[in-house]
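So the structure is just underneath, and the comments pick up after that.
The values are calculated or read from the model by the stated rules, or taken from the named source; none is laboratory data. Model, not experiment: these values are computed from the prediction. Please note: Cβ atoms are built from the backbone with ideal geometry, for glycine as well, and neighbour counts cover all protein chains shown. We work out accessible area using only protein heavy atoms, side chains counted, and drop any ligands, DNA or RNA first. Shrake-Rupley method; radii C 1.70, N 1.55, O 1.52, S 1.80 Å.
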Amino acid sequence: EFRRVLFRSVSQSRYTCGIHLYIEKRNRELKTVWYPCSFRGEFTDIVYGMFAALNNVRNYWNIKPLENRGIPNDLGPLAFDAYYQKIVTEVVDEEHECSIDNITEDDIIVEHNGQKYCNRIWHSANWCTICEMQECYNQVFKNLKDNDYGEWLGLLNYMKAIESNGKYDVRAVFWFDS
């Protein structure tokens, strides 16, 4: 029964929740800017068990989630552009802009390069290291024997490959919709 609910295809429900995930790396010695890696985007199969483990989203099974650290302050440029909307007086692009007239005292405003931004679309932002992603993966998929979890295994191996040369720290930055 657990498996049937743990995996839910996007086409099976119109009340789904999706994850938006970006892999970032930075020079391990210099500890400077986080740079985007080529992996980013959404998953084709919704795995609520991983959502629960990563940040307590749709946690129907009492899975132990990672600590909720929120969106990192040193977010890389690609993830920053995807997560935040520019605050403007006249909205031209609804996905990337937010009207100053709609900002409330509850909105979190950040400044970047002299421009103000907010997030009014996404929720439950967090980030994790390779070790933390491995812990989430092991917790959710430990009793499954088929290949329904291939995307998550591929993501984990991709993160490990980037870090394997010893030059980079790697993290996954993610947030959810609906």
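Let me check against my output: what whole-number percent is the relative contact order of the chain, with C-alpha pairs under 8 Å and at least 6 apart? Walk me through the numbers before you get to the answer.
On the way: 289 pairs, mean separation 51.3, N = 178.
It rounds to 29 percent for the chain.
Leaving out ligands, DNA and RNA, and with a 1.4 Å probe, what % of the accessible surface on the range 84-178 is carbon or sulfur? Let's see the in-between values first.
Working: 2550 of 5630 Å².
C and S fraction of accessible area: 45 percent.
Percent of Cα-Cα pairs per 5 Å bin, from 0 to the last occupied bin, for the chain, please list those.
Histogram of Cα-Cα distances, whole percents per bin: 1, 8, 16, 19, 19, 15, 12, 7, 4, 1, 0.
Considering the convex hull of the alpha carbon atoms of the range 21-102, report its projected area averaged over all viewing directions, in nm², one decimal.
So the Cα hull casts an average projection of 8.0 nm².
What distance in nm separates the simple spin-label points at Asp177 and Lys116, each placed 7 Å from Cα in the Cβ direction?
So the two model labels end up 2.6 nm from each other.
Taking the Cβ of Thr89 as the centre, find all other residues whose Cβ is under 12 Å away and add up their charges (Lys, Arg: +1; Asp, Glu: -1).
Values: positive: Lys86, Lys116; negative: Glu90, Glu97, Asp101.
Neighbourhood net charge equals -1.
Can you check what the net charge comes to around Gly76, using other residues whose Cβ is under 14 Å from the Cβ of Gly76 (Lys, Arg +1; Asp, Glu -1)? Can you show the working numbers first?
Values: positive: Lys25, Arg26, Lys31, Arg40, Arg171; negative: Glu24, Asp74, Asp81, Asp169.
Around Gly76, the surrounding residues sum to +1.
Quick one: net charge around Asn126, please, counting Lys, Arg +1 and Asp, Glu -1 for every other residue with C-beta under 11 Å from its C-beta. Don't skip to the answer; put the middle values down first.
Values: positive: Arg69, Arg171; negative: Glu67, Glu132.
Around Asn126, the surrounding residues sum to 0.
Counting pairwise Cα distances across the range 112-178, what percent come out greater than 15 angstrom? All intermediate terms of the calculation are to be shown ahead of the outcome.
Working: 1434 of 2211 pairs.
Beyond 15 Å sits 65 percent of the P(r) for the range 112-178.
I'd like to check one number: the per residue accessible area of the chain, probe 1.4 Å, reported in Å² as a whole number. Present the calculation step by step, with values, prior to reporting the outcome.
Numbers: 10390 Å² over 178 residues.
The answer is 58 Å² per residue.
Put a dot 7 Å past each Cα toward the Cβ at Gln139 and Glu42; how far apart are the dots in nm?
2.5
Mind ranking 164-172, 52-60 by how tightly packed they are, going by the mean number of other C-beta atoms within 10 angstrom, highest first?
On the way: 164-172: 15.3, 52-60: 20.1.
Ranking the peptides 164-172, 52-60 by packing returns 52-60, 164-172.
Solvent-accessible area of Leu78, probe 1.4 Å, all protein chains present, reported in Å² to the nearest ten, please.
60
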